[in-house]
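So the structure is just underneath, and the comments pick up after that.
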Amino acid sequence: MSPPTASAHARTSSSPGHALSAWWQALPLTVVFVLFFLVPLALIGMVSFWDFNEYELLPAFTFKNYISIFDGCSNAAEMCTTFKTYLSTFKFSLLVWLITLVVGFTVSYFLAFHVRSSTVQTLLFVLCTIPFWTSNVIRMISWVPLLGRNGLVNQTLVQLGVVDQPIEWLLFSDFSVVLAFVHLYTMFMIVPIFNSMMRIDRSLLEAASDSGASAWQTLWNVIVPLSRTGIIVGSIFVITIVMGDFVTIGVMGGQQIASVGKIIQVQTSYLQFPLAAANAVILLALVLMIIWALTRLVDVRKEL
Amino acid sequence: MNRDQRPLGFWLLALFFVAFVVFLYGPMLVIVLLSFQGPEGGLTFPIRGFSLHWFRQLAEGLGVVDIGAALKRSLGLGLAVMAFTVVLSVLAGLAFRKKLWGGSALFFVVVASLIMPSIIVSLGIGLEFRLLDTGLKWVFGALGMTGMQETFNTTLGLYTSALGAHLTWTLPFGLLIMFAIFNRFNPAYEEAARDLGATPWQGFRHVVLPLIAPSVVGIAMFGFTLSWDEIARTSQAIGYVNTLPLELQGLTTTVTTPAIYALGTVTTVVSLLVMAGALALASFFSRLQKQGKRF
């Protein structure tokens, strides 16, 4: 992903008037991002050091909010709530990342290299993306009739005699949360990986197979490294979504499972903005570290 | 690769793909089916009867929630987001084709907004508008406008904070689509127009716009559908009213009848209609292009 460079189009004239009109055209979009993205982020940073009481926010410079988040975390015997919550959020991120990566890669690989007609290819690709434009909550609750205590899966299992009692952990559990994440966000893996795969020069595959590489060897040594950018972009999407999520974990966890996003949401609804802001700063720092690590992964692989 | 006979690997992968599509669409089909049950129907199978009962229930309102009002709010906001997304993305897309000072910094901010956890964006915007409220109340007090001070409630709202929150989510998609368009755009047509004496506006209106029209329809579709279903960024940044998906999220814990499936069917149908409309419009524009007609 990179902006098209001006030099790519020969029409560029470098007169000052031209550059000025470009700025007027970019101005409305810039204003939106300044007002609704940069200023809010700066305010989060500022308010995370403020004090508050039951009625109002009190401008100050205190580390109280950060200290209260990690209150009791120096106790080695028992893990504090904050660490437990982050650990649980990491667990979901890791699981969902692994599953969406494998599923997304397999689907993209099939579409990019095994469907020969480009019309069919486009059609099947669009088929995978249509649900992205429909409601996430609807797609979550659509699992209720299947996974509920008296849902289709349990009815079938009981009738087949596989289990005596309906299984309880199918819905409103870690299982259903991961299932819903995979259901909702595999698309974010498929699109960038498929895009990377479609850019791979097909003659490289022929060269690999002519040199005696098996299908597996071609896949692992040619296709995977060349799909790297797509894999990283998809991973960044999926991991950042799961790290900050509170809607999916809320609905599919029956409002019983903690997550970092949910803590921030609850604190905001109690108007404890400084606490929520401090949590947001910590979450943001962690997400940035993960993204940094992922992008490093690209460079390291490039150097090898 | 053998042209006539597919290897075993192909069939395994095809099977995996079919399973994935069933996984993707199966549950949604189930709730559409269950929403058309008779009055005695429940949340799970077996399907009991067939009627429009639950849609009538929905029209009458679910508990204290006024579905019709939420639907109108979401439609209005979706259309506003769509209009802003199209205009701002196209303008910025044009700007990025020229020499744009600070262009890469702007691009970095846009991508950051796309991958920023939504709860953080939402919290920030909510905080910003609450601080604005406090500031305004202070100003009214300082100016002695006690009437204003008493009646003023909040600047948080559908077409202020919520609109901004949605734009931080839809504009990155719009701008990336514009980049994709202009990376494949042949500037020769524009140059020809300019050489023939067209003003920049004429060149845009009669040459560039018709050429990019099908993709601009795509941006409009992104703008509307992403806003129509948005929850995470709206949640802390909307104040006292709710959009349809927010109401729906609340209803998941309180409604225990197929009426909620009926609501799901309705919102999904709206999304699908918008997609179909966008597809029809886009193909209409590209047909015009192929026939060399103007619009």
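Can you pull out the residues in the stretch B:117-143 that are touching a strand residue (DSSP E or B) at 6+ places or on another chain (Cβ under 9 Å) and more than 7 Å from chain A (Cβ to nearest Cβ)?
B:Arg130, B:Thr134
Within the stretch A:70-85, identify whether any single residue is farther than 17 Å from A:Leu286 by Cβ, touching a residue at least 60 places away in the same chain (Cβ under 8 Å) and either away from chain B (no Cβ under 14 Å) or surrounded by fewer than 19 Cβ atoms within 10 Å (Cβ to Cβ) (or both), and answer yes or no.
The answer is no, given that none of the residues of the stretch A:70-85 is farther than 17 Å from A:Leu286 by Cβ, touching a residue at least 60 places away in the same chain (Cβ under 8 Å) and either away from chain B (no Cβ under 14 Å) or surrounded by fewer than 19 Cβ atoms within 10 Å (Cβ to Cβ) (or both).
Can you tell me which residue among B:Val22, B:Val65, B:Val32, B:Val86 is at pLDDT 90 or above and under 24 Å from the mean Cα position of the chain (by Cα)? Before the answer, list the steps.
On the way: B:Val22 fails: under 24 Å from the mean Cα position of the chain (by Cα); B:Val65 fails: at pLDDT 90 or above; B:Val32 fails: at pLDDT 90 or above.
Matching residue, one of B:Val22, B:Val65, B:Val32, B:Val86: B:Val86.
Restricting the search to the stretch B:29-42, which residues are surrounded by fewer than 19 Cβ atoms within 10 Å (Cβ to Cβ) and either assigned to a helix (DSSP H, G or I) or of a type outside the set (Asp, Glu) (or both)?
B:Leu29, B:Val32, B:Leu33, B:Gly38, B:Pro39, B:Gly42
Among the numbered criteria (1) buried (at least 16 other Cβ atoms within 10 Å of the Cβ); (2) at pLDDT 85 or above, which one does A:Glu206 miss?
Only one criterion is unmet by A:Glu206, namely (1).
Can you confirm whether the stretch B:217-227 contains a residue that is at the interface with chain A (Cβ under 10 Å from one of its Cβ atoms), among the hydrophobic types (A, V, I, L, M, F, W, C) and closer than 14 Å to B:Leu71 by Cα? Before you say what the answer is, go through the steps one by one.
Taking the stretch B:217-227 and keeping what is at the interface with chain A (Cβ under 10 Å from one of its Cβ atoms), we get B:221-222, B:224-226.
Of the ones still in play, those that are also among the hydrophobic types (A, V, I, L, M, F, W, C) are B:221-222, B:224, B:226.
Among the residues that remain, those that are also closer than 14 Å to B:Leu71 by Cα are: B:224.
For the stretch B:217-227, residues at the interface with chain A (Cβ under 10 Å from one of its Cβ atoms), among the hydrophobic types (A, V, I, L, M, F, W, C) and closer than 14 Å to B:Leu71 by Cα: present.
Take A:Leu284 and tell me if it is surrounded by 15 or more Cβ atoms within 10 Å (Cβ to Cβ) and more than 30 Å from B:Leu8 (Cα to Cα).
Numbers: surrounded by 15 or more Cβ atoms within 10 Å (Cβ to Cβ): yes; more than 30 Å from B:Leu8 (Cα to Cα): yes.
Yes: the conditions hold for A:Leu284.
Does A:Thr89 satisfy the condition of being surrounded by 17 or more Cβ atoms within 10 Å (Cβ to Cβ), more than 7 Å from every other protein chain (Cβ to nearest Cβ) and either over 30 Å from A:Val224 (Cα atoms) or not polar (S, T, N, Q) (or both)? Can you show your working first?
Values: surrounded by 17 or more Cβ atoms within 10 Å (Cβ to Cβ): yes; more than 7 Å from every other protein chain (Cβ to nearest Cβ): yes; either over 30 Å from A:Val224 (Cα atoms) or not polar (S, T, N, Q) (or both): no.
In short, no.
Is there a residue being part of a helix (DSSP H, G or I) and either within 9 Å of chain A (Cβ to nearest Cβ) or out of contact with any helix residue (DSSP H, G or I) (no Cβ under 9 Å at 6 or more places or on another chain) (or both) anywhere in the stretch B:153-161?
As a first pass, look at the stretch B:153-161 and keep what is part of a helix (DSSP H, G or I): B:158-161.
Imposing the further condition that a residue be either within 9 Å of chain A (Cβ to nearest Cβ) or out of contact with any helix residue (DSSP H, G or I) (no Cβ under 9 Å at 6 or more places or on another chain) (or both) reduces the set to B:161.
Taking every residue of the stretch B:153-161 in turn, at least one turns out to be part of a helix (DSSP H, G or I) and either within 9 Å of chain A (Cβ to nearest Cβ) or out of contact with any helix residue (DSSP H, G or I) (no Cβ under 9 Å at 6 or more places or on another chain) (or both).
Give me a count of the residues in the stretch A:180-214 that are small (Gly, Ala, Ser), free of Cβ contacts under 8 Å to residues at least 24 places away in the same chain and assigned to a helix (DSSP H, G or I).
First, pick out the residues of the stretch A:180-214 that are small (Gly, Ala, Ser): A:180, A:196, A:203, A:207-209, A:211-214.
Restricting the remaining residues to those that are free of Cβ contacts under 8 Å to residues at least 24 places away in the same chain gives A:203, A:207-209, A:211-214.
Checking the rest, the ones that are also assigned to a helix (DSSP H, G or I) come to A:203, A:207-209.
Selection size over the stretch A:180-214: 4.
If I ask for residues that are in contact with a Leu (Cβ under 8 Å, 6 or more places away or on another chain), within 7 Å of chain A (Cβ to nearest Cβ) and of a type in the set (Val, Ile, Thr), which ones from the stretch B:81-116 would you list?
Scanning the stretch B:81-116 gives B:Val109, B:Val110.
Of the residues A:Val153, A:Val115, A:Val158, which is at pLDDT 85 or above, more than 7 Å from every other protein chain (Cβ to nearest Cβ) and surrounded by 19 or more Cβ atoms within 10 Å (Cβ to Cβ)? Give the derivation first.
Details: A:Val153 fails: surrounded by 19 or more Cβ atoms within 10 Å (Cβ to Cβ); A:Val158 fails: surrounded by 19 or more Cβ atoms within 10 Å (Cβ to Cβ).
Going through A:Val153, A:Val115, A:Val158 in turn, the sole match is A:Val115.
For the stretch A:230-237, state whether one or more residues are facing chain B (nearest Cβ under 8 Å) and modelled with pLDDT of 90 or more. Please lay out each step first, then the result.
In the first step, residues of the stretch A:230-237 are kept if they are facing chain B (nearest Cβ under 8 Å); the result is A:236-237.
Keeping just the survivors that are modelled with pLDDT of 90 or more gives A:236-237.
Yes: the stretch A:230-237 contains one or more residues that are facing chain B (nearest Cβ under 8 Å) and modelled with pLDDT of 90 or more.
Every residue in the stretch A:125-136 that is within 8 Å of chain B (Cβ to nearest Cβ) and crowded, with 17+ Cβ neighbours inside 10 Å, please. Before you say what the answer is, go through the steps one by one.
Initially, the stretch A:125-136 is screened for residues within 8 Å of chain B (Cβ to nearest Cβ), giving A:127-128, A:130-131, A:133-136.
Scanning the stretch A:125-136 gives A:Cys128, A:Pro131, A:Trp133, A:Thr134, A:Ser135, A:Asn136.
What number of residues within the stretch A:161-179 satisfy the criterion of being surrounded by 17 or more Cβ atoms within 10 Å (Cβ to Cβ) and either in a loop (DSSP other than H, G, I, E, B) or not hydroxyl-bearing (Ser, Thr, Tyr) (or both)? Steps first, answer last, please.
Taking the stretch A:161-179 and keeping what is surrounded by 17 or more Cβ atoms within 10 Å (Cβ to Cβ), we get A:167, A:170-173, A:176-179.
Checking the rest, the ones that are also either in a loop (DSSP other than H, G, I, E, B) or not hydroxyl-bearing (Ser, Thr, Tyr) (or both) come to A:167, A:170-173, A:177-179.
The qualifying residues number 8.
Regarding the stretch B:212-226, can at least one residue be identified that is in contact with a Lys or Arg (Cβ under 9 Å, 6 or more places away or on another chain) and either farther than 21 Å from A:Pro145 by Cβ or modelled with pLDDT under 85 (or both)?
Pass one, the stretch B:212-226, residues in contact with a Lys or Arg (Cβ under 9 Å, 6 or more places away or on another chain): none.
There is no residue in the stretch B:212-226 that is in contact with a Lys or Arg (Cβ under 9 Å, 6 or more places away or on another chain) and either farther than 21 Å from A:Pro145 by Cβ or modelled with pLDDT under 85 (or both).
Out of the stretch B:200-245, which residues are hydroxyl-bearing (Ser, Thr, Tyr) and buried (at least 23 other Cβ atoms within 10 Å of the Cβ)?
Within the stretch B:200-245, B:Thr225, B:Ser227, B:Thr234, B:Ser235, B:Thr243 qualify.
Yes or no: A:Val182 modelled with pLDDT under 90 and either crowded, with 18+ Cβ neighbours inside 10 Å or more than 8 Å from chain B (Cβ to nearest Cβ) (or both)?
No: the conditions fail for A:Val182.
Can you tell me which residue among B:Leu158, B:Leu167, B:Leu175 is surrounded by 21 or more Cβ atoms within 10 Å (Cβ to Cβ), more than 17 Å from B:Ile120 (Cα to Cα) and under 29 Å from the mean Cα position of the chain (by Cα)?
Numbers: B:Leu158 fails: surrounded by 21 or more Cβ atoms within 10 Å (Cβ to Cβ); B:Leu167 fails: more than 17 Å from B:Ile120 (Cα to Cα).
Just a single option satisfies the conditions, and that option is B:Leu175.
Would you pick out the residues in the stretch B:20-33 that are facing another protein chain (nearest Cβ under 10 Å) and without any contact (Cβ under 8 Å) to a residue 40 or more places away in the chain? Steps first, answer last, please.
Kept after step one, since they are facing another protein chain (nearest Cβ under 10 Å), are these residues of the stretch B:20-33: B:20-21, B:23-33.
Within the stretch B:20-33, B:Phe20, B:Val21, B:Phe23, B:Leu24, B:Tyr25, B:Gly26, B:Pro27, B:Leu29, B:Val30, B:Leu33 qualify.
Identify all residues within the stretch A:239-280 that are touching a helix residue (DSSP H, G or I) at 6+ places or on another chain (Cβ under 7 Å), more than 7 Å from chain B (Cβ to nearest Cβ) and part of a loop (DSSP other than H, G, I, E, B); write none if there are none.
A:Asp245, A:Gly253, A:Ile257, A:Ala258, A:Ser259
The values are calculated or read from the model by the stated rules, or taken from the named source; none is laboratory data. As the structure is a prediction and not an experimental result, all values here were calculated from the model. Neighbour counts run over all protein chains shown; Cβ positions are idealised from the backbone, glycine included.
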